[in-house]
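Structure, as structure tokens:
The values are calculated or read from the model by the stated rules, or taken from the named source; none is laboratory data. Please read these numbers as outputs of a predicted model, since none were measured by experiment. Here the Cβ positions follow ideal geometry from the backbone for every residue, glycine too, while neighbour counts run over all protein chains shown.
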Amino acid sequence: MTDTSYNKPLPLMEGLTKAFYDFCAQGELRFQRCTDCGAWRHVPREICAECSSFNWEWAQSSGRGTVYTWTVVERALHPAFGSSAPYAPVVVELEGGVRLLTQLSDVPPSELKIGMPVTVDFKAVTPEITLPYFKRA
């Protein structure tokens, strides 16, 4: 379901970033994986930080991970987030090691715990953009 009231900044839909969000719109969480050394990476880029290879694929993630860290924003720095405060940007560490900055859709900041198991929860925020949020597993 698309939230037509979404008024927060959105990713630029171009290049490798667009490819990442196109997969999200299909209900797939995919990250780049080097086909030479097997290293996963995010944010998408052309070259592997581990072995400097230009060979990679879009590999599907299980969408399962754990809360790695978070912070609670009491006073938003961007006006579009003002009515959402307090909120907690969360870093989720996914199976495979990729870390993704996101939000949990069903956990208030006071209930967050390091190591909490989570799973991807896609939210279509505009007709073109689906964001990967997470929820308790």
Lone unmet requirement of (1) surrounded by 11 or more Cβ atoms within 10 Å (Cβ to Cβ); (2) in contact with a helix residue (DSSP H, G or I) (Cβ under 7 Å, 6 or more places away or on another chain) for residue 23: (2)
Just name the residue that is surrounded by the most Cβ atoms within 10 Å (Cβ to Cβ) out of those in segment 41-60 that are part of a strand (DSSP E or B) and over 13 Å from the mean Cα position of the chain (by Cα). 56
Take residue 72 and tell me if it is surrounded by 16 or more Cβ atoms within 10 Å (Cβ to Cβ) and at pLDDT 95 or above. no
Restrict the check to segment 64-71 and report whether at least one residue is farther than 17 Å from residue 103 by Cα and touching a strand residue (DSSP E or B) at 6+ places or on another chain (Cβ under 9 Å). no
From the option list 105, 84, 110, single residue qualifying as at pLDDT below 95, closer than 23 Å to residue 23 by Cα and among the polar types (S, T, N, Q) is 105
Considering 12, 29, 77, which residue is within 17 Å of residue 128 (Cα to Cα) and surrounded by fewer than 12 Cβ atoms within 10 Å (Cβ to Cβ)? 12
Only one of 76, 19 is among the aliphatic types (A, V, I, L, M) and touching a Gly at 6+ places or on another chain (Cβ under 7 Å), namely 76
Quick check on residue 46: is it over 26 Å from residue 7 (Cα atoms) and without any contact (Cβ under 8 Å) to a residue 40 or more places away in the chain? yes
With the structure loaded, tell me whether residue 65 is among the small types (Gly, Ala, Ser), closer than 24 Å to residue 116 by Cβ and either surrounded by 12 or more Cβ atoms within 10 Å (Cβ to Cβ) or within 16 Å of the chain's Cα centre (by Cα) (or both) or whether it fails that test. yes
Can you tell me how many residues within segment 8-40 are among the polar types (S, T, N, Q), closer than 22 Å to residue 91 by Cα and either touching an Asp or Glu at 6+ places or on another chain (Cβ under 9 Å) or part of a loop (DSSP other than H, G, I, E, B) (or both)? 1
Residue 121 fails exactly one of (1) modelled with pLDDT of 95 or more; (2) part of a loop (DSSP other than H, G, I, E, B), namely (2)
It is to be established whether one or more residues within segment 114-125 are of a type outside the set (Asp, Glu) and within 20 Å of residue 44 (Cα to Cα). yes
So which residues in segment 61-112 are part of a helix (DSSP H, G or I) and hydroxyl-bearing (Ser, Thr, Tyr)? 83, 84, 110
